[in-house]
Number of protein chains: 2
Amino acid sequence: MSTLKLNIVILGAGNVAWHLAKELQNKEQNILQVYNRSEKEARSLARRLKCDCTTEIEDLNQNADLYILTVKDSVIEEVSASLNLKDKLIVHTSGAIDQDVIKHKRRGVFYPLQTFSKKKKLNFKGIPFCIEASKSEDYNTLMRLATLLSPIVYNINSHQRKVLHVAAVFACNFSNYMYMISDEILHKENIPLDILHPLIKETASKVSSYKPKDVQTGPAVRKDKEVIDTHLKYLKKGKNYDIYKLLSENIIHKNNDEL
Amino acid sequence: MSTLKLNIVILGAGNVAWHLAKELQNKEQNILQVYNRSEKEARSLARRLKCDCTTEIEDLNQNADLYILTVKDSVIEEVSASLNLKDKLIVHTSGAIDQDVIKHKRRGVFYPLQTFSKKKKLNFKGIPFCIEASKSEDYNTLMRLATLLSPIVYNINSHQRKVLHVAAVFACNFSNYMYMISDEILHKENIPLDILHPLIKETASKVSSYKPKDVQTGPAVRKDKEVIDTHLKYLKKGKNYDIYKLLSENIIHKNNDEL
C-alpha cells in the first residue's frame, strides 16, 4: 500500500483543530488551509501550521482531498451546508452529531475520543479514534489516516457514537465535576486538593484491571447510614447535599437490586 | 534519632490491615499479634505476617507499644472500650470517626488516605497519611512511623479529617460510580469500557496540573442544551436520567454564578 499523503483543509480553530491539525502535519499530511470565522484564531492556528488561512467560506481551497469540520456541534450542519464542494470527502470530529447532518454524498466522522485543552499537550498514541463514513473507500482512507495517529481505532456508527458520548459525559465530565466539588469542600477548610491526588489516580487506574462495580468502596456501598448522615449533616441543604444524597441512594439501591 | 522499632498489635483483618500490617513489617516494625472476631480472617492475616493471632479480646498481648484498630467504623468505639490496657497508645485508621471515640488517655489516628482492595497491590510511597494524637509524644511517634511508609504525611485534626472524608467520597466513590454508569450504558450497546480508559486517565491526571474548575468540559459547561436534551432523551426516565439532569443543572448554575 502506498504511503498516505492527503491534502487537508481544517475548518474551525478551537482545541481539537489546534492539536489534531498539528499531529496530522507531524504525520506527513499536507494541511493546505485553515478556515475560521474569527480571524484571530484562524491566523494563530495557521501560524502554528505554517499554512494559508481564510475567514470566508467562498475562499476555501477547492483542491483538498479531505475537509475536516472541527467547528462547534451547533454549527456543523450550517457550515457543511455552506460548502460548495463537488465530490469531496467532508468529515466532522464530534461525538454528539450524526454523520448525516452533513448533506454531501461523501461524508464521514473522524472522532478523537479525548478531552482537549489548548495548553495541555496530548500523546495521540493513547487516543481512541472512532471512524464512520458513507462510502467504503472513504471509510478505508479515514481508517488509514487514524491509524497513522493512534493504534486504537474503532468502527463506530452514529448511534453507537451517541451512546459513547453519553457514557463519556459520565466518565469524564461528571467525574471531573466530582473532583471540582471535592476541591470546593476542601478549599473551605484550607486543605489543598493535592492530598486527594493519589486517591483520584488510584481510582481511575483501577478501571484498567477491574469492573467499576467490583471496586466500588465507601459508605454508600457499605450501607453505612451513620456515616452517610454525618456527611449529609455537614453538607447541609445545598447543591452538593442533593448530589451526595441522590448518588448515595442510587449506589445503595443498585446494590440491593443484586441481592 | 534512634531507629524506630515498635511492637504492634493489629485489631481487625480486613483490607487495610492486610496491606498496612505487611508494610509496617517490611519497614522493620514488629507485629506481635493479630486480633479478629472471625477466626478465618485472623488466621489468614497471621499467616501472611507469620505472627500470633487471637479471636478473644482477653487474650490480647499486653506488651505492645501500639494498638492499631482497623476494624469497621461502626465498632471502633465498642472494640476500643473493651480494651483493658494501661497507658498504651491506641489508634484507629478511619477517615470518618473522631479520635475521641477512643476513651483511652493515649489515643490517636493513623489514617491512610487510599482505597484498599485485598487483591490490588499498593505502593505505599504514594499514600498520604493523616496523623492525629492526644499527646504530643505520641503524635511524634505516629509521624515517625508514617514517614517510614510514605513521604506524604499530614497533620489533620478530627474535624478536618471528616471534611476530607466527605471530599474523598466525591473524588473517589462517586467518580467510580460515574465509571460504573458509563460501563452500564456501554454494555447495553456491546461497547467495552476499554474505549473510555484513555479519557478516564487523562481526566484524572489533569487534576495534578490544573484546578478541576478550569478544565471542566462537556455539554453542560458549554450550556449546549441541544446535546443535553438528546442525552436525556436517550437515558429516558430512570436512575441515570435523574443523575445526568441534576449534575448538568448544577454545572450550568455554577457557571452562571461566576458570570
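The values are calculated or read from the model by the stated rules, or taken from the named source; none is laboratory data. Everything numeric in this text was worked out from a predicted model, so none of it was measured. Cβ sites come from the backbone with ideal geometry, for glycine too, and all protein chains shown count toward neighbours.
Quick notes on this one:
- Hey, residue B:32 assigned by TED's automatic domain parsing to the domain that holds residue B:125, assigned to a helix (DSSP H, G or I) and in contact (Cβ under 8 Å) with a residue 24 or more places away in the chain or not: no
Here is a yes/no grid of residues against (1) closer than 25 Å to residue A:124 by Cβ; (2) hydroxyl-bearing (Ser, Thr, Tyr); (3) modelled with pLDDT of 95 or more; (4) out of contact with any strand residue (DSSP E or B) (no Cβ under 7 Å at 6 or more places or on another chain):
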position: A:137; (1), (2), (3), (4): yes, no, yes, yes
position: A:142; (1), (2), (3), (4): yes, no, yes, no
position: A:157; (1), (2), (3), (4): yes, no, no, no
position: A:172; (1), (2), (3), (4): yes, no, yes, yes
position: A:189; (1), (2), (3), (4): no, no, no, yes
position: A:199; (1), (2), (3), (4): no, no, no, yes
position: A:202; (1), (2), (3), (4): no, no, no, yes
position: A:208; (1), (2), (3), (4): yes, yes, no, yes
position: A:216; (1), (2), (3), (4): no, no, no, yes
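- Residue that is surrounded by the fewest Cβ atoms within 10 Å (Cβ to Cβ) [pool: residues in the stretch A:179-204 that are more than 7 Å from every other protein chain (Cβ to nearest Cβ) and more than 19 Å from residue A:244 (Cα to Cα)]: A:190
- The stretch A:234-259: number of residues that are over 16 Å from residue B:170 (Cα atoms) and assigned to a helix (DSSP H, G or I): 6
- Those strands (runs of 3 or more DSSP E) of the stretch A:76-173 in which 3 or more residues are away from chain B (no Cβ under 14 Å) and of a type in the set (A, V, I, L, M, F, W, C) occupy A:89-92.
- Taken together, B:208, B:150, B:175, B:136 contain a single residue that is surrounded by fewer than 23 Cβ atoms within 10 Å (Cβ to Cβ), of a type in the set (Ser, Thr, Tyr) and within 19 Å of residue B:116 (Cα to Cα), which is B:150.
- Residue list for the stretch A:59-74, filter: modelled with pLDDT of 95 or more and part of a helix (DSSP H, G or I): A:59
- Residue match in the stretch A:211-219 (condition: within 7 Å of chain B (Cβ to nearest Cβ), in a helix (DSSP H, G or I), acidic (Asp, Glu) and on the phi < 0 side of the Ramachandran plot): no
- Verdict on residue B:231 being in contact (Cβ under 8 Å) with a residue 12 or more places away in the chain, assigned to a helix (DSSP H, G or I), not hydrophobic (A, V, I, L, M, F, W, C) and not assigned by TED's automatic domain parsing to the domain that holds residue B:115: yes
- Restricting attention to the stretch B:211-230 and to residues that are among the aliphatic types (A, V, I, L, M) and under 22 Å from residue A:97 (Cα atoms), the residue that is surrounded by the fewest Cβ atoms within 10 Å (Cβ to Cβ) turns out to be B:221.
- Selection from the stretch A:104-123 of residues that are surrounded by 20 or more Cβ atoms within 10 Å (Cβ to Cβ) and in contact (Cβ under 8 Å) with a residue 40 or more places away in the chain: A:109, A:110, A:111, A:112, A:113, A:115
- Residues of the stretch B:124-145 satisfying the condition of being among the polar types (S, T, N, Q) and in contact (Cβ under 8 Å) with a residue 24 or more places away in the chain: B:134, B:141
- Output for the stretch A:48-58, where each listed residue is in a loop (DSSP other than H, G, I, E, B) and among the aliphatic types (A, V, I, L, M): none
- Of all the listed residues (B:175, B:208), the sole one being farther than 23 Å from residue A:72 by Cβ and in contact with a Ser or Thr (Cβ under 6 Å, 6 or more places away or on another chain) is B:175.
- Complete set of residues in the stretch B:1-27 that are assigned to a loop (DSSP other than H, G, I, E, B) and under 24 Å from the mean Cα position of the chain (by Cα): B:6, B:12, B:13, B:14, B:27
- Condition check for residue B:158: surrounded by fewer than 22 Cβ atoms within 10 Å (Cβ to Cβ) and among the hydroxyl-bearing types (Ser, Thr, Tyr): yes
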